[in-house]
Amino acid sequence: MILHPFEYHAPETLEEAVDLAEKYGEDSKFLAGGQSLIPLMKLGLFSSGHVIDLGRVRGLDHIRKEDGVLAIGGLAKMADIEGSRLVEQACPALTDCAVSIADPLVRNMGPIGGNVCHADPANDVPAVAVASGAEMVLVGRQGERRMKAQQFFLDTFTTAAGRGEVLKEIRFDAERCRGSAYIKLQLQATDFAIVGAAARLWVHDGTVGECGIGLTGVGPTVLHPKKAEGAVQGSRLGTDAFSRAAELAAAEARPVSDLRGTAEYKQEMAKVVTRRALENALKRAGGGRR
Amino acid sequence: MRVQMEINGIRTESNTDATTLLSDFIREEAGLTGTHAGCDTSNCGACTVLLDGRVVKSCTVLAVQAAGRKVTTIEGLGDANDLSPVQYAFWKKHGLQCGFCTPGMIVSAYALLQRNPDPDEEEIRNALAGNLCRCTGYVKIVESVRYAAKLTREGKTPFRAAARRRKEGEIHGPPGESL
Ligand SMILES: Cc1cc2nc3c(=O)[nH]c(=O)nc-3n(C[C@H](O)[C@H](O)[C@H](O)COP(=O)(O)OP(=O)(O)OC[C@H]3O[C@@H](n4cnc5c(N)ncnc54)[C@H](O)[C@@H]3O)c2cc1C
Ligand code: FES
Ligand code: FES
């Protein structure tokens, strides 16, 4: 049961949505699938007077490839991403990630935009977005702006999206994200991650031209371990660099003990999932999976 | 606010608060109590319904989010006098014990068979991952879904066939007794 009353708005265009957010300001909140927001409302952890439902905004649920870029609308459902051949070919880490989120019922409601904008350190998509160097397209009263995922996630439940800005699209460079993977350690199939790691390798002439890593569940927000990336970047292909990167990533991890495991355990597992994600990414980068 | 949606093919309209959950709208406004509220914390799937053909947890959807859309509940699949193949299969293969999770299980299984008429065990278990059962241990549930798949593929509706024969006086007893 939801106790705190609010007024519901259902804009049909992005402009209307942005205008409503401007009008109600601090007292408003966007609603996407509601798969995080509604549970929070039931817990009494939500107190905005105005809910602006993005669910009826048209033309934001696309999944398409344009000029070598996989472009996914902020309202594309995780269930559609999970089943998309385009996604699997362009950024397989995102497919790994999508199927690992909750269960089919939640994935049918929850879009990718909500998963990143909610910015719960337990959300899985942020790790893939950061490892992929994805580009986030935001639209607000001041128009459109773009930023890298690495700059988007600031803290628990806090992103660089300004109040009233809608995440319109997330863009992945298909060529550079082809060698990518997400590994999620779970207590049971539908649970949040104990820890998770996304890795991406762009291999060029037998060396790693680019390496991206992102970790779920080991800090206040998604972890972007730059030193670990540096250990792999420019290296010849071989697992020595991967073990070193795994150590470095775990060293930056700041997990807390909870029902899913102790901090020490998670720190150790951060190493394991990072190495496995790198290994899987390499198989895909080199395996001619086009 | 005025909220209108189509539930099991019937236009349902009511004055309701924006905070009303779809599960409460279905149970209290439409009076359809087959959709169960198990946990009300988005964890159990007892409240599963189809929203525009896709399975969702109706306790985690606002009724206003479903406004103008099509909802199908367990009652929309068939009733006690006319069990659909999935309902019949759960009954025939003992896919339930207390029955609390059953409406959600059946709706999820139905959605699976709509898009995949011949799922293997893994596909069945994945499709039902959001539906928890505290009684059966899932073995009989998986068996029921496989049987339902077989009936659906073969276009068989044993329950309906028996009901017809009963009506015509060929067989006697309560529905299902002679199956
Ligand atoms: C049982 C259960 C298990 C789950 N397990 C997992 C899991 O394993 N991994 C995982 O990652 N998640 C999990 N989730 C969360 C789920 O993936 C949610 O879909 C996700 O966290 C975001 O919810 P939503 O998309 O429905 O957005 P909402 O709940 O509607 O919104 C979430 C937040 O994002 C903001 N927002 C949404 N879209 C936009 C946009 N386009 N622009 C700007 N702001 C926006 C909203 O204002 C709100 O603050 C689980 C949820 C449940 C109920
Ligand atoms: S009642 Fe909806 S998930 Fe349990
Ligand atoms: S039969 Fe009792 S919960 Fe499933």
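The values are calculated or read from the model by the stated rules, or taken from the named source; none is laboratory data. What you see is a predicted model, and the numbers here were worked out from it, not measured in a lab. Cβ sites come from the backbone with ideal geometry, for glycine too, and all protein chains shown count toward neighbours.
Observations on the model:
- Matching residues, segment A:21-43, being within 21 Å of A:VAL137 (Cα to Cα), crowded, with 17+ Cβ neighbours inside 10 Å and either away from chain B (no Cβ under 14 Å) or of a type in the set (D, E, K, R) (or both): A:ALA21, A:LYS29
- When segment A:220-238 is limited to residues that are in contact (Cβ under 8 Å) with a residue 24 or more places away in the chain and crowded, with 19+ Cβ neighbours inside 10 Å, the one that is farthest from A:LEU154 (Cα to Cα) turns out to be A:VAL232.
- Members of segment B:102-120 that are assigned to a helix (DSSP H, G or I) and either surrounded by fewer than 14 Cβ atoms within 10 Å (Cβ to Cβ) or within 16 Å of ligand 3 (Cβ to nearest atom) (or both): B:THR102, B:PRO103, B:GLY104, B:MET105, B:ILE106, B:VAL107, B:SER108, B:ALA109, B:GLN114, B:ARG115
- Of the residues making up segment B:48-65, not one is within 13 Å of ligand 1 (Cβ to nearest atom) and surrounded by fewer than 20 Cβ atoms within 10 Å (Cβ to Cβ).
- Residue in segment B:24-40 that is small (Gly, Ala, Ser), surrounded by 23 or more Cβ atoms within 10 Å (Cβ to Cβ) and within 15 Å of ligand 1 (Cβ to nearest atom) present: no
- Which numbered condition B:THR19 misses (of (1) within 14 Å of ligand 1 (Cβ to nearest atom); (2) buried (at least 20 other Cβ atoms within 10 Å of the Cβ); (3) within 8 Å of another protein chain (Cβ to nearest Cβ)): (1)
- Taken together, the residues in segment B:73-96 that are within 9 Å of ligand 3 (Cβ to nearest atom) and either closer than 16 Å to B:LEU151 by Cα or part of a helix (DSSP H, G or I) (or both) amount to 1.
- Tally of residues being outside any loop (DSSP other than H, G, I, E, B) and within 19 Å of the chain's Cα centre (by Cα) across segment A:254-275: 3
- Qualifying residue in segment B:98-116 (condition: more than 16 Å from the chain's Cα centre (by Cα) and more than 14 Å from every other protein chain (Cβ to nearest Cβ)): no
- Residue match in segment A:131-154 (condition: near ligand 1 (Cβ under 9 Å from one of its atoms) and not aliphatic (A, V, I, L, M)): no
- Failed condition for B:ASN43, given (1) at pLDDT below 95; (2) within 13 Å of ligand 1 (Cβ to nearest atom): (1)
- Among the residues listed as A:ALA102, A:ALA76, A:ALA161, the single one being within 16 Å of ligand 2 (Cβ to nearest atom), over 27 Å from A:GLY209 (Cα atoms), surrounded by fewer than 24 Cβ atoms within 10 Å (Cβ to Cβ) and outside the structural domain of A:ASP19 (by TED's automatic domain parsing): A:ALA102
- Cβ-Cβ under 6 Å pairs, at least 6 apart or on other chains, segment B:27-56 side on the phi > 0 side of the Ramachandran plot, far side assigned to a loop (DSSP other than H, G, I, E, B) and surrounded by 22 or more Cβ atoms within 10 Å (Cβ to Cβ): B:GLY45/B:GLY130; B:GLY45/B:ASN131
- Condition met for B:LEU112 (among the aliphatic types (A, V, I, L, M) and either in contact with a Cys (Cβ under 8 Å, 6 or more places away or on another chain) or in the same structural domain as B:THR41 (by TED's automatic domain parsing) (or both)): no
- For the residues B:GLY137, B:GLY45, B:GLY99, B:GLY68, the requirement of being surrounded by fewer than 17 Cβ atoms within 10 Å (Cβ to Cβ), assigned by TED's automatic domain parsing to the domain that holds B:ILE7 and either charged (D, E, K, R) or in a loop (DSSP other than H, G, I, E, B) (or both) singles out B:GLY68.
- Restricting A:VAL139, A:VAL125, A:VAL116 to residues that are touching an Asp or Glu at 6+ places or on another chain (Cβ under 7 Å), modelled with pLDDT of 95 or more and within 22 Å of A:ALA71 (Cβ to Cβ) narrows the list to A:VAL139.
- Residue that is surrounded by fewer than 16 Cβ atoms within 10 Å (Cβ to Cβ) and touching a strand residue (DSSP E or B) at 6+ places or on another chain (Cβ under 6 Å), where the choices are A:GLY209, A:GLY196, A:GLY214: A:GLY209
- Of the candidates A:ALA241, A:ALA251, the single residue that is surrounded by 16 or more Cβ atoms within 10 Å (Cβ to Cβ), free of Cβ contacts under 8 Å to residues at least 60 places away in the same chain and either over 20 Å from the mean Cα position of the chain (by Cα) or not in a helix (DSSP H, G or I) (or both) is A:ALA241.
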